[in-house]
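One structure below.
The values are calculated or read from the model by the stated rules, or taken from the named source; none is laboratory data. Everything numeric here is computed off the predicted structure, so don't read it as measured data. Quick reminder, even Gly has a Cβ in these numbers, built from the backbone with ideal geometry, and neighbours come from all protein chains shown. Surface areas here come from the heavy atoms of the whole protein model, side chains and all, with no ligands, DNA or RNA. Shrake-Rupley method; radii C 1.70, N 1.55, O 1.52, S 1.80 Å.
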Amino acid sequence: LVSCGCDFDESSQRCTNNPQKDECPNLDACGADFGNGFYNDHHFHYGYFAYAAAVACEFAVCSKEDKERFLLLARDYANPQSDDFVAARHKDWFLGHSWASGTCEPANPNGRNQESSSEAVHAYEASYLLASRLGDRHLQQASRLYAATEVDAAQRYWHAATSSQVPRAYERPVV
């Protein structure tokens with residue numbers, strides 16, 4: 001799932017590329033569309049769409065085709081098994097949180113990053129809600145696990161109020 005993006009021409013105020021002719025600038029430009037073509041931030045961005053789909057399916061009848069499309073969107077970032085996408089490809093099971101960086105070269109100069117623990121938690125909450133609306137128990141259970149480990153990691157590494165991870169030098173409140 002990749003948005004092809006747009007090579008925007010300021011003078012004509014139009015896109016100059018043609019997706020029907022496989023002209024997809026996001027597959028060549030790592031910085032285009034926040035790196036979407038290189039798997040960057042999929043759980044952040046697609047989590048918002050998954051949440052909207054869950055709400056839509058709660059208050060309206062979703063067709064079989066809608067359900068398939070919505071589940072495909074959620075499986076892009078929260079796949080419980082390696083069938084159409086790599087299972088849990090963002091998750092670092094040792095640290096418990098997701099990584100935002102995709103496969104851009106050169107990589108992020110600061111190394112791997114977790115840009116937003118709250119958006120990561122939201123993404124997995126959204127995939128859980130969507131899966132529960134559409135009856136996908138595997139995705140629902142996996143999303144619970146992803147969300148739980150994300151919350152635990154956020155508390156441990158980023159909201160380190162009671163964590164043993166905080167060095168003694170930072171015993172006083174530090175912002």
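The set of residues in the range 2-39 that are in contact with a helix residue (DSSP H, G or I) (Cβ under 6 Å, 6 or more places away or on another chain), closer than 22 Å to ALA100 by Cα and in a loop (DSSP other than H, G, I, E, B) comprises VAL2, SER3, CYS4, GLY5, CYS30. Can you find even one residue in the range 54-70 that is modelled with pLDDT of 90 or more and closer than 18 Å to VAL121 by Cα? The answer is yes; a qualifying residue exists. Going through (1) hydrophobic (A, V, I, L, M, F, W, C); (2) surrounded by 15 or more Cβ atoms within 10 Å (Cβ to Cβ); (3) farther than 16 Å from ALA153 by Cβ one by one, TRP99 falls short only on (3).
Could you check the range 44-85 and list, in sequence order, the residues that are assigned to a helix (DSSP H, G or I), open to solvent by less than 20 Å² (accessible area, probe 1.4 Å) and over 23 Å from PRO25 (Cβ atoms)? Hits for the range 44-85 are GLY47, ALA50, ALA53, ALA54, ALA74, ALA78.
Looking only at residues that are of a type in the set (D, E, K, R) and open to solvent by less than 70 Å² (accessible area, probe 1.4 Å) in the range 116-144, which one is nearest to the chain's Cα centre (by Cα)?
The extreme case among them is GLU119.
The set of residues from the range 6-38 being open to solvent by less than 70 Å² (accessible area, probe 1.4 Å) and of a type in the set (Asp, Glu) comprises ASP9, ASP33.
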